Structures are given as C-alpha cells and as structure tokens.
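> Sending over a structure as structure tokens; questions will come in a sec.
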Amino acid sequence: AEKWVYMVTAQTPTNIAVIKYWGKRDEVRILPVNDSISVTLDPDHLCTVTTVAVSPAFDRDRMWLNGKTKKHSCEKSVIHLVTESVSYILLIENLEISLSGSRYQNCLREIRSRGGDVEDREKGVKIEKKDWERLNLHIASHNNFPTAAGLASSAAGFACLVFSLAKLMNVEEDPSQLSAIARQGSGSACRSLFGGFVKWKMGSKDDGSDSVAVQLADEKHWDDLVIIIAVVSSRQKETSSTSGMRESVETSLLLQHRAKEVVPKRIVQMEEAIKNRDFASFTQLSCTDSNQFHAVCLDTSPPIFYMNDTSHRIISLVEKWNRSEGTPQVAYTFDAGPNAVLIARNRKVAVQLLQGLLYYFPPKSDTDMKSYVVGDNSILK
Ligand code: PMV
C-alpha cells in the first residue's frame, strides 16, 4: 500500500480594515455591498500557521484547530508568507473541528477543482490532477494569538487554509484568484493574501469572479507606520459579524447611504492618501469610516454595540491628542469588538502612545502589558 504523506506549511498574517466591509449582497458567495481597504499586519504577529497534508491512508477530510504542535520534518518548503522550515501536524481528538459547514466545503471544493499534478520521486509521491477529488486531507491550524479575542482570526485562518492548499495541490492561480476562494470562507480573509495595503473590490458579477483582492502598495511603501492593538476585552463578541451584517442590511438606512454614497468616494480618497503617504488624510478617513461603521451598527434594529466605554475613552484621548498637536499623530479603527487598533505615524509617536495607554489604562499584570504591543516588542524596552 502507498504509505506516503505529503504536506505543506504556510503562515499568513491577519489584516485590519481602514475602510470597512459591512454588509453582504450575496450571503452564500460572500459578496459585499461596498469595496474595502485594509492593511496587512507584519507576518510574525497575529498570524495563523496551517499545515495541510494529503495521503492515500487518510479516510476522510479532517481538521484540528489550536492544538499543541508536534514537529514533523517538512516535505516541501513554500515560498512567500512562509517562514517555517518545519511542519506541524496535530492529531488531538478533542481539538478536531467539523468541516461540514458550507464555508469550509466551498473553499475545499473550489481549490480541489483547480489542483494540478504533483510529483516527488524521492518520497514516492505521485498525484495527478484528477486525484484531488478522491484524496483526503488533514488540516492542522494554529493561531499565535487568542482565537476568541476578537482580533480577526478568521481573516488569517481562511487565507492561510486556501494558500497552503494551493501550494500543496500545485494550483497555478495568482493571489487575486486565490483571494476569491478565501473570500468564500470569510470575506475579510481575501485581503490577507497580500501584504501591505490591499483593496477588496466588490465586483459586479453575480458569480463573484470579479470580487477579488488587489494589492495597492507593498509592505515597504509606508513602513514608518506602527500598529498597536489595545486589547480592551478578550471576551468573544456577542453578535457575530455574519448575523450583525445581515441585520444591518435588513434594517439600516444608514448602511444603504454609506454603501452607495459614502464609501465609493472614500475609497478613491484613501487610495490617494496611501499613494502619497498622507497621514493626515489617512487618519481622517480611517477614523470617520470606523465611526460610521459603528453608527451603522447603532442604526441597526435591534442595535448592535461593539465598542464599550473604554473604546470610547480611547477615541476621545486620540482625538484630543491629534487636535492639540495640530496635525494627526495616531489613527484609530475598531472592528466588530471593543479592541482599539491604533496606527501611529512613526516609531517615536508609537512610544508616546504606548506610554499614554499605560498611564490612562494601567495594566493589571505583566501579561496585560504585553497584549498592548503588536508589531515591535522592542518598543517597550
Ligand atoms: O469577514 P468577516 O465576516 O469576519 O467580517 C469582517 C468585518 C469587519 O472586520 C468589521 C470589517 C472588515 O472589513 O474587516
């Protein structure tokens, strides 16, 4: 019998939207009501590492999430987004999750249908295009940050799943085409297929083939920026983005106005601000867009509250600071939860910001303090 196991490991960072996606026009294909723009975080922080393995010995598709990792030697190293030279696979029963949901099934089906031939003579591996339909997969995925902390774990997760499977199956699609598959797992995931600044184009086709992510600028373009995430609460959000969006689309008039009249103009302005590294415009657009997204939540019936008093205090402090300096120093944006994503214009400002956060919100323990810093821990030293 064939004994081989063939595997690939990939690492994918999460991304934070500065012009938000909120609302689907097609819930099955995950097609949005407006374009969005995000920044992808540094791959060493807030990322997902996923190992995908295929073997004739596997009797069904299986997946494990956030288990303890056990090292195996890597059968194939992968370029880009991947830094690991070892591969992880975990087979701990109680950490197995179900792959029966339609989002997983759609991603797996789409990627399988694009698989190519794979041959590794040394290992005795020979897989033909048509074999991907019958061969079963083992998937082990690990987030290097708390999954429940409301820090966009699904974005990194589905991007990493699709990227690692594409490598395993020798899929020739470019990152934009792969983004259309990741999108069907979680909308925001499509933007994590690229580093730097990324736009998810809503597209106009019903089949979603033009609803893809494109890179606006790479990670070197504006590398003065420092992103700090203030973890206000690591409790899981009460309203999932899926049901929140559905309720907003059904009940909020502000959402209709936002999608038709506001976001299209902001997208053009944000692209310009990024191109010119114009921090004043970048801040103005990010902050107002985040606030409008939360206003849409409030305009939803029943209303959805993602931010809390601490989030509001952070907004006031940043707004006051920016005004007192005359020119913006820090941009803020909040996703579907109370945690603040703060973007400082440079390293010096980031240090001041961190000092301010520690002063106004003294950490209760050392571990609390660490959770303030994402990006460059050396800032604390
Ligand atoms: O892709 P989802 O379903 O996790 O939705 C993400 C929605 C926001 O994070 C609030 C905004 C965004 O554009 O990422």
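The values are calculated or read from the model by the stated rules, or taken from the named source; none is laboratory data. Quick caveat, the model's predicted, so the values are computed rather than measured. Cβ: placed from backbone, ideal geometry, glycine included. Neighbour counts: every protein chain shown.
> Residues of region 224-246 being closer than 25 Å to Pro32 by Cβ and outside any loop (DSSP other than H, G, I, E, B), which ones?
Ile227, Ile229, Ser241, Thr242, Ser243, Gly244, Met245, Arg246
> Which residue out of Leu31, Leu46 is more than 22 Å from Leu137 (Cα to Cα), surrounded by 24 or more Cβ atoms within 10 Å (Cβ to Cβ) and either over 12 Å from the mean Cα position of the chain (by Cα) or outside the structural domain of Ser290 (by TED's automatic domain parsing) (or both)?
Just a single option satisfies the conditions, and that option is Leu46.
> Next question, about the same structure. Considering every residue within region 270-277, establish whether at least one is within 20 Å of Trp200 (Cα to Cα), of a type in the set (A, V, I, L, M), assigned to a helix (DSSP H, G or I) and away from the ligand (no atom under 14 Å from the Cβ).
Yes, because at least one residue in region 270-277 is within 20 Å of Trp200 (Cα to Cα), of a type in the set (A, V, I, L, M), assigned to a helix (DSSP H, G or I) and away from the ligand (no atom under 14 Å from the Cβ).
> Next question. Out of the residues in region 279-293 meeting the condition of being in contact with a helix residue (DSSP H, G or I) (Cβ under 7 Å, 6 or more places away or on another chain) and not hydroxyl-bearing (Ser, Thr, Tyr), tell me which one is surrounded by the fewest Cβ atoms within 10 Å (Cβ to Cβ).
Only one residue fits best here, namely Gln292.
> Continuing with the same structure: If only one of Gly195, Gly187 is out of contact with any Leu (no Cβ under 7 Å at 6 or more places or on another chain), within 12 Å of the ligand (Cβ to nearest atom) and touching a residue at least 40 places away in the same chain (Cβ under 8 Å), which one is it?
Being out of contact with any Leu (no Cβ under 7 Å at 6 or more places or on another chain), within 12 Å of the ligand (Cβ to nearest atom) and touching a residue at least 40 places away in the same chain (Cβ under 8 Å) holds for just one of Gly195, Gly187, which is Gly187.
> Here are Asp335, Asp299: which of them is within 22 Å of Gly187 (Cβ to Cβ), buried (at least 20 other Cβ atoms within 10 Å of the Cβ) and of a type outside the set (A, V, I, L, M, F, W, C)?
Asp335
> Scan region 222-248 and report the pairs whose first residue is touching a residue at least 24 places away in the same chain (Cβ under 8 Å) and whose second residue is of a type in the set (Lys, Arg), with Cβ atoms within less than 8 Å and a gap of 6+ or a chain change.
From region 222-248, the pairs are Trp222/Arg277; Asp224/Arg277; Asp224/Arg345; Asp224/Arg347; Leu225/Arg345; Val226/Arg347; Met245/Lys24; Arg246/Lys24.
> Tally time: how many residues in region 272-324 are within 14 Å of Thr239 (Cβ to Cβ) and small (Gly, Ala, Ser)?
1
> In addition: Given the condition crowded, with 18+ Cβ neighbours inside 10 Å and either assigned to a strand (DSSP E or B) or within 16 Å of the ligand (Cβ to nearest atom) (or both), answer yes or no: does some residue in region 316-329 qualify?
Scanning region 316-329 turns up no residue that is crowded, with 18+ Cβ neighbours inside 10 Å and either assigned to a strand (DSSP E or B) or within 16 Å of the ligand (Cβ to nearest atom) (or both).
> For region 4-22, name all the residues that are assigned to a loop (DSSP other than H, G, I, E, B), more than 8 Å from the ligand (Cβ to nearest atom) and crowded, with 22+ Cβ neighbours inside 10 Å.
Correct list: Thr14 only.
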